[in-house]
Structure formats: structure tokens, C-alpha cells
Amino acid sequence: MLKYYKTSKKSTAIEPESICPCCGQLLIPQDHIVLPPTKKRILDVVRRHPGIDAETLRGLVWADDPNGGPENPKAIHVHVHQLNRRLQLHGIRVRGSCSGGYRIVAISNPTNREESI
């Protein structure tokens, strides 16, 4: 079954082999999504580490920052929310849960209900 996501230029089919057989995450070509640097780092870290917890994600996203990133530990949640608003156009989002950590999921319908990929 093909899944579709929209880019700013066209809709692109995601072939079944575009889903990682190990972790089940969606594999999206990086050139299809244009993001600010912090949002891009968040998406890249979640792609590489599905199920990552918020504190580890925060540490990896701001690893190069000499101050260690924002003082407020909730800043990562704000950035993820803003990232999801941008990713919604592509039919995906970064979903966090207390038990499962952050992972990429597909938005299955316009009401923003998602299914894990």
C-alpha cells in the first residue's frame, strides 16, 4: 500500500520500502522538507533514534550549544509543536508519549489523528 505526503510542489508517493524494517519509521528524503536549523535537528534526531525521551532529545539537539540550549526544559516541547505544524503539510508529525518516547507517525486523516508507522 502506498502512502502519500505533500511537499510544497507536489504530492509524492511513499513506497512500502520507504518504511524502516527495523523500527517501522517513515523514511523521508531530506530534500523534500525545508526546516529551520533547530527543527531540522529535532527531526533528524528522532529519525535516527525512534523512541527517544525528551531529555535525551534536548541534549542531542543542543549538543553544540555552549550554554546547553534553552534554560527551560519544556522548550523542546514548544519546538516539537512548531515542527508538527510544518510537518502537517507532509502528512506526518513527531509524536511523543510518556512510555514510548518521540517517534515519527503518519497523520491518517484531516482531524490530525495519527497512526504509528
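For the pair residue 40 and residue 97 in one chain, pulling the backbone fully straight at 0.36 nm per residue adds 18.5 nm over the alpha carbon distance. For every other residue with a beta carbon closer than 13 angstrom to the beta carbon of residue 45, add +1 if it is Lys or Arg and -1 if Asp or Glu, then tell me the sum. Once positives and negatives cancel, what remains is +3. For residue 92, the amide hydrogen comes within under 5 Å of the amide hydrogens of 107, counting only partners 5 or more places away or on other chains and with H modelled in the peptide plane. The slack in the chain from residue 108 to residue 78, taken as 0.36 nm per residue of separation less the alpha-carbon distance, amounts to 8.5 nm. So if R0 is 25 Å, what FRET efficiency would residue 85 and residue 65 give, r being the distance between their Cβ atoms, rounded to the nearest 0.05? Result of the calculation: an efficiency of 0.60. How large is log10 of I(q)/I(0) for the stretch 32-84 at q = 0.23, 0.29 Å⁻¹ when the intensity is taken from the Debye formula with one equal scatterer per alpha-carbon? Result of the Debye calculation: -0.89, -1.36. Once backbone amide H atoms are built at 1.01 Å from N, residue 100 has no partners under 5 Å, excluding neighbours fewer than 5 places away on the same chain.
Values quoted throughout were computed directly from the atomic coordinates according to the rules given, and no laboratory measurement underlies them. A quick note: this is a predicted structure, and the numbers were derived from the prediction, not measured. A quick note on method: Cβ atoms are made from the backbone with ideal geometry, for glycine too, and the neighbour counts reach across all protein chains shown.
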